[in-house]
Amino acid sequence: MKQFSARPKNELCRFDGEKLDSKSVRSQCAEDYFYSSTDPVFFEKMENAYGRIVKTLNRSVLSQKPQARPRDFLLGSKNKKDDLVLILMMCDLHCRNPAYTNLIGRDNVDSYQALVHCLRKLLTNDCHFLTDEELFHHFVNFWQVKLLHLSSDLELITSDNPALWFTLDQTENMQRLQFMILPITSDCCAVGWNRRLVQVAGHELTRDDAIRLNCNQIQHCTNFVYSRSRPSSDEIAALRIAWKRRERPCGQVTANYCDFNLLQIIVNSGFSFLSRLP
């Protein structure tokens, strides 16, 4: 959240569909004892690794001139560890979010663990549960991740449910995760994709890409979206229209099955950087 805040107060512009106000980073997307039966350091390793990557990006890639900054993070390269952290963070943030209705009847940590369990089956699309070793090899062998930078004067927004999962499938009875997007800063996002199913080209987000991605954040959020700068009156009006049109995430999780919150798009009307493989 710090990457979407205004210095030096680390405050975010928060929008809930009606009201726009300022909130501190520390006060948002957090709740004491949310995972009440979980050790406090349960998520610390992943979050620290992600924080290290973001700090590195801010010092190197993001601080360079736009024409010098494009850089791929490719699984299997010398950045393999960072690649995996970005991919896993997109998975983890999605599964940790309370957007899913917990039908297990126990603590939130049980809902999270059930989502992670079902994700391991979703990735293979054949109900095969991936072990830790198989999951590692799956991502190394079949997934790729890169950073895309915004080439327009717009800003990317984020939300209280920022890790977006997408499918290009048009059938309601099929769930297949094909690519993921996570805003990193107000002008940069990470996209991870299954290179057996789709292809991501280039290093830039167009203005239309940014508008679509921001609308996806509105559609996917649980309660709030956040921006670094205060939107103009015209932008606030557009946010309200998009909010009224949104369908709130309605995923559910049981002990053995999850109805995932996959955003469905059609390639020809989707992102400019995306294409489906034959």
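Rule-based calculations on the coordinates, nothing more; no lab input. All values derive from a computational prediction rather than experimental measurement. FYI the Cβ positions are ideal-geometry reconstructions off the backbone, even for glycines, and counts take in every protein chain you see.
Put a dot 7 Å past the Cα of N223, heading toward its Cβ, do the same for S27, and the two dots end up 1.2 nm apart. Stretched out straight at 0.36 nm per residue, the stretch from T56 to N141 would grow longer than its current Cα-Cα span by 28.1 nm. Listed cross-link partners K23/K146; K55/K81; K19/K55; K9/K55; K23/K81 are compared with a 23 Å cut-off, the Cα-Cα value being larger for K23/K146; K19/K55; K23/K81. For F42 and Q252, the difference between the fully extended length at 0.36 nm per residue and the C-alpha to C-alpha distance is 73.3 nm. Extending 7 Å from Cα along the Cβ direction at R245 and again at N10 yields two label points whose distance is 3.6 nm.
Using the Cα atoms of the chain to build a convex hull, what is its mean projected area in square nanometres? With every direction weighted equally, the projected area is 14.9 nm².
Most tightly packed first, judged by the mean number of other beta-carbon atoms within 10 Å of their residues, the peptides 143-153, 19-29, 183-193 read 183-193, 143-153, 19-29. Extension gain for the segment E134 to K2, taken as residue separation times 0.36 nm less the Cα-Cα distance, is 44.1 nm to one decimal. When the square roots of the Cα gyration tensor eigenvalues are ordered a ≥ b ≥ c, the ratio a/c for segment 146-217 is 1.5 or more and a/b exceeds b/c, which makes its shape prolate. Charge dipole of the chain (Cα centre as origin; +1 on each Lys and Arg Cβ, -1 on each Asp and Glu Cβ, all else neutral): 820 debye, rounded to the nearest 20. As an exercise, use a Förster radius of 25 Å and the Cβ-Cβ distance of R196 and K81 to find the FRET efficiency, rounded to the nearest 0.05. So the FRET efficiency works out to roughly 0.65. The distance linking segment 165-230 with segment 127-145 is 21 Å (Cα centroid to Cα centroid, whole angstrom). Please find the FRET efficiency linking H203 to L20, where r is the Cβ-Cβ separation and R0 is fixed at 30 Å, and quote it to the nearest 0.05. According to the calculation, E is roughly 0.40.
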